[in-house]
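Here the structure is laid out as structure tokens; the discussion comes afterwards.
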Amino acid sequence: MKHIIAVVAITFILLTALVIPETKAEEPAYTPQPGDEVVIYLMKFKPEDFEKGKKIQVNEFSKAMQESGQTRHTYFLEDAENNNTLAVSFFSKGHETQKWHNDDKRQEVLDKLKPMWREPQTIEKFKLVDSHTTE
């Protein structure tokens with residue numbers, strides 16, 4: 001239960017960050033909209049494989065995502081103290097997660113990462129309801 005609460009809290013923090021332009025290095029081509037699917041991927045690495053796994057996750061998943069032809073925005077986060085990474089992907093309407101989950105290039109990256117995990121990957125799905133910021 002603590003994990004779910006933490007994931008939801010992180011998600012709301014990220015959603016808030018999306019609407020604050022001055023905090024972004026560059027404007028993404030796609031900005032998540034209400035109704036878009038949000039998928040959270042938690043990977044728990046063995047301590048000795050954390051750095052290598054994190055680099056593979058960020059670099060090779062990013063490339064596979066671009067090659068998939070889908071439109072989405074992804075944040076890659078790390079919890080180095082616990083050797084965990086969290087990827088939060090916002091999928092544009094019409095770009096289903098199932099298509100991504102069945103993608104061959106995604107599977108190739110997962111095959112590289114699986115031996116580095118101390119637990120199987122956790123996947124949670126949400127729908128973006130709204131986002132806002134205060135000044």
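Please verify whether region 49-61 includes one or more residues that are modelled with pLDDT under 95, buried (at least 16 other Cβ atoms within 10 Å of the Cβ) and within 18 Å of Leu128 (Cβ to Cβ).
Looking through region 49-61, none of the residues is modelled with pLDDT under 95, buried (at least 16 other Cβ atoms within 10 Å of the Cβ) and within 18 Å of Leu128 (Cβ to Cβ).
Can you tell me how many residues in region 69-86 are in contact (Cβ under 8 Å) with a residue 60 or more places away in the chain and either loosely packed, with under 14 Cβ neighbours inside 10 Å or closer than 17 Å to Leu113 by Cα (or both)?
So the count comes out to 2.
Could you give every pair whose Cβ atoms fall below 6 Å, whose first residue belongs to region 31-54 and is closer than 14 Å to Tyr75 by Cβ, and whose second residue is in a helix (DSSP H, G or I), counting only separations of at least 6 or pairs across chains?
Short answer, once both residue conditions are applied: Val39/Thr97; Ile40/Val7.
Residues checked against (1) touching a helix residue (DSSP H, G or I) at 6+ places or on another chain (Cβ under 7 Å); (2) of a type in the set (Gly, Ala, Ser):
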residue: Val58; (1), (2): no, no
residue: Ser62; (1), (2): no, yes
residue: Glu78; (1), (2): yes, no
residue: Asn84; (1), (2): no, no
residue: Trp100; (1), (2): yes, no
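Which residues, taken from region 106-135, are more than 18 Å from His73 (Cα to Cα), part of a helix (DSSP H, G or I) and of a type in the set (D, E, K, R)?
Once the filter is applied, which keeps residues that are more than 18 Å from His73 (Cα to Cα), part of a helix (DSSP H, G or I) and of a type in the set (D, E, K, R), region 106-135 yields Glu108, Asp111, Lys112, Lys114.
The values are calculated or read from the model by the stated rules, or taken from the named source; none is laboratory data. Because the structure is a prediction, the values reported are computed rather than measured. Every residue, glycine among them, receives a Cβ derived from its backbone with ideal geometry; neighbour counts consider all protein chains shown.
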